[in-house]
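The values are calculated or read from the model by the stated rules, or taken from the named source; none is laboratory data. Remember, it's a predicted structure, so these values are computed and weren't measured experimentally. Here the Cβ positions follow ideal geometry from the backbone for every residue, glycine too, while neighbour counts run over all protein chains shown. Side chains are part of the model used for accessible areas, which takes the heavy atoms of the whole protein and leaves out ligands, DNA and RNA. Shrake-Rupley method; radii C 1.70, N 1.55, O 1.52, S 1.80 Å.
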Amino acid sequence: EELREVTIGEELGVSRTPVREALRQLELEGLVTIIPNKGAYVTAITRKDVKDIYKIRSQLEGLCANWATKYITDAQIEDLSEFHLHKKGSGQIEQMSEMDGKFHKILYEASNSRILEHVLTDFHKYVQLARTMSIEAPERAEKSIEEHREILEAIKAKDAAKAEQLANEHILHVMENLHLEE
């Protein structure tokens, strides 16, 4: 889909300059392709892109859980525990997806790495639709809740290696559920 600077600027009530800057930023993030003298176009995320994101994310989520065991605060542990309790009885996909996102966001913050948090947050956004599709299967939603609980228990026990392994496996299970495995 073509993105027209003038149209976007009019819709948002801004000049073309901030729209152009935003499009350049989106190009840097791989979400837009700018073709000189033609315009900006939305870049589709392919199935391979999603697969690649999940493969990379599995490794980074493991690293994140590992680091979180060192830096997590009592308040963050309490927040993670609360999300687990709230999710348990919930059957609504939208609410489950939101709670899943919040669980991971707290882990990202607990890693004490702005860079890792930024990268994982971006990956999380790119695959939002795939994540929602994954938890639509009731058995996967329940399994995801259990996997989160196990990761949290490993973090509470300060077992960095186990937390890393469980977080890595958690993402690989999502890939399997989405039929992205090799």
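For the chain, what does the relative contact order come out to in percent, with C-alpha contacts under 8 Å and a separation of six or more?
Numbers: 197 pairs, mean separation 48.8, N = 182.
Computed over the chain, the figure is 27 percent.
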Checklist outcome for this item: For Glu82 the rounded accessible area (nearest 10 Å², probe 1.4 Å, non-protein molecules ignored) is 80 Å²
Next on the checklist: Please report the accessible area of Val119 (heavy atoms, 1.4 Å probe, ligands and nucleic acids excluded) in Å², nearest 10.
Outcome noted: 50 Å²
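So, for the chain, what is the accessible surface per residue at a probe of 1.4 Å, expressed in square angstrom?
On the way: 10510 Å² over 182 residues.
Heavy-atom SASA per residue in the chain reads 58 Å².
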Item to check | Acute angle (nearest 10 degrees) that the helix 138-156 long axis makes with the longest principal axis of the chain, alpha-carbon atoms | outcome: 70 degrees
Checklist outcome for this item: Residues meeting the amide H criterion for Ser113 (H placed from the backbone, H to H distance under 5 Å, 5 or more places apart or on another chain) are none
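Among the listed pairs Lys38/Lys125; Lys48/Lys125; Lys48/Lys102, which are separated by more than 19 Å between their Cα atoms? Don't skip to the answer; put the middle values down first.
Working: Lys38/Lys125 28 Å; Lys48/Lys125 16 Å; Lys48/Lys102 26 Å.
Violating the 19 Å Cα-Cα cut-off are Lys38/Lys125; Lys48/Lys102.
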Next on the checklist: What is the angle, in °, between the Cα long axis of helix 114-126 and the longest principal axis of the Cα atoms in the chain? Nearest 10 is fine, range 0 to 90.
Outcome noted: 70 degrees
Checklist entry - Which value, in debye to the nearest 20, gives the size of the charge dipole of the chain about its Cα centre, when Lys and Arg are +1 and Asp and Glu are -1 at the Cβ? => result 360 debye
Checklist entry - Based on the alpha carbon coordinates of the chain, what radius of gyration and maximum Cα-Cα distance (Dmax) apply, in Å? => result 18.7, 58
Next on the checklist: Between His179 and Asp159, what is 0.36 nm times their sequence separation minus the Cα-Cα distance? Round to one decimal in nm.
Outcome noted: 4.2 nm
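Below 8 Å between Cα atoms, with a sequence gap of 6+, how large is the relative contact order for the range 1-60 in percent?
Values: 44 pairs, mean separation 17.4, N = 60.
Normalised by residue count, the contact order of the range 1-60 is 29 percent.
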Checklist entry - Against the longest alpha carbon principal axis of the chain, how many degrees, from 0 to 90 and to the nearest 10, is the axis of helix 74-88 turned? => result 90 degrees
Checklist entry - Under the rule of -39500 (n - 2.57) per DSSP H run of 4 or more residues, summed and divided by the residues of the chain, what mean residue ellipticity at 222 nm is obtained, to the nearest 500 deg cm²/dmol? => result -24500 deg cm²/dmol
Checklist outcome for this item: Quick calc: nm separation of the 7 Å Cα→Cβ label points for Gln25 and Thr43 -> 1.7 nm
